[in-house]
Every structure is written in structure tokens, then in C-alpha cells.
Amino acid sequence: MAVVKARASDIDLLARLLRAEAEGEGEQGMLLVGAVGINRIRANCSDFKGIRTIPQMVFQPHAFEATIHGYFYQKARDKDRRLARKSINGERPWPAKFALWYFNPPANCPSTWYNQPFVGRYKSHCFYEPTGVECENIYNTF
């Protein structure tokens, strides 16, 4: 069962984001990106207040660098859609379970990112989740 509303066009959009942001990290890395995106829609805190749809999340200004590159605008593939559906249905693997941020640093993961604590790394991406004080709702979303 979906944890956010998604039309076919939303699934395609999320699938394209997963591919453009994390194809080099394999399916698990793409699922982690999907979890962060869905967390942003459901959290309603921090930089993500008022983000309620997949298009709002994907095209939030400065949220995903991939959206400014041509690779993002390629047609969604079936395997990417499958991963997008898993994210939409609430699959949230660690370290993205409660994460709202990730990035690929040139070296080691910093202990904080935008004042949020580091929770784990998957391949080249570092993941950060808010504290309960900053975003209590992320821990109660589903």
C-alpha cells in the first residue's frame, strides 16, 4: 500500500530521479535515494515543510542536482519504476530509514550535514537524519 499518493507520471518521475542520482550505487543505493525522497514528503519539517507530492519533492529548488542534467530527462525504465514503487510503498532501508539528506563527499563523511547527525554510509553516499527535536514527525510517519 502506498504511503504517498502517486500517479503513473509520479512513478516515472521518481524512477528517473533514482536512476540519475544513484544508478552507480546499484539497486540498494537507488532505494536509499527513494527513501529519502519519500521521507521528505512525509516529514513536513525543516526544509521540507509543505512538500506533499513527488513533483514538489523532486523539483524543490536546490534539492537534487540531477534535475539540472540531461541524464535525468531520459525515459524511465521498468527496473527503475519497480524501485520507485518500492519507495512509494514505504520501503526504507538503513541508513535512509529516517534520513532527509544524503550527499557524496570527496572524502570521509562529515559528522554533521546542515547540523544533522551522520547515521551511515552506503558506498559513496553519506546519510543524515534529523534529531527528534528538529523533526519529530519523521519518526512517526509510518
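Across the range 16-69, the qualifying residues are those that are of a type in the set (K, R) and outside any helix (DSSP H, G or I), and the one among them that is nearest to L100 (Cα to Cα) is K49.
Is there a residue being of a type in the set (D, E, K, R) and open to solvent by 50 Å² or more (accessible area, probe 1.4 Å) anywhere in the range 28-41?
Taking the range 28-41 and keeping what is of a type in the set (D, E, K, R), we get 40.
From what is left, the residues that are open to solvent by 50 Å² or more (accessible area, probe 1.4 Å) are none.
Checked against the condition, which is being of a type in the set (D, E, K, R) and open to solvent by 50 Å² or more (accessible area, probe 1.4 Å), the range 28-41 yields no hits at all.
Select from the range 112-124 the residues that are part of a loop (DSSP other than H, G, I, E, B) and among the hydroxyl-bearing types (S, T, Y) and write down the one among them that is surrounded by the most Cβ atoms within 10 Å (Cβ to Cβ). For the range 112-124, the residue satisfying everything is S124.
Counting only residues that are without any contact (Cβ under 8 Å) to a residue 40 or more places away in the chain and over 14 Å from N44 (Cβ atoms), the range 118-142 holds 10 of them.
Return yes when T67 is open to solvent by 50 Å² or more (accessible area, probe 1.4 Å) and either more than 12 Å from the chain's Cα centre (by Cα) or under 22 Å from M1 (Cα atoms) (or both) and no when it is not. Considered against the rule, which asks whether it is open to solvent by 50 Å² or more (accessible area, probe 1.4 Å) and either more than 12 Å from the chain's Cα centre (by Cα) or under 22 Å from M1 (Cα atoms) (or both), T67 comes out as no.
Picking from residues in the range 17-52 that are β-branched (V, I, T) and in contact (Cβ under 8 Å) with a residue 12 or more places away in the chain, the one that is farthest from R77 (Cα to Cα) is I41. If the condition is being at pLDDT 95 or above and hydroxyl-bearing (S, T, Y), then the range 28-85 contributes only T53. Here is the figure for the range 82-111: residues that are in contact with a strand residue (DSSP E or B) (Cβ under 8 Å, 6 or more places away or on another chain) and open to solvent by less than 70 Å² (accessible area, probe 1.4 Å) total 11.
For the range 70-81, what are the residues that are open to solvent by 10 Å² or more (accessible area, probe 1.4 Å), without any contact (Cβ under 8 Å) to a residue 60 or more places away in the chain and either farther than 20 Å from R7 by Cβ or not in a loop (DSSP other than H, G, I, E, B) (or both)? Listed by number, the residues that qualify are G70, Y71, Y73, D78, K79.
The values are calculated or read from the model by the stated rules, or taken from the named source; none is laboratory data. Everything numeric in this text was worked out from a predicted model, so none of it was measured. Backbone-built Cβ (ideal geometry, glycine too); neighbour counts: all protein chains shown. Surface accessibility is based on the protein's heavy atoms, side chains included, excluding ligands, DNA and RNA. Shrake-Rupley method; radii C 1.70, N 1.55, O 1.52, S 1.80 Å.
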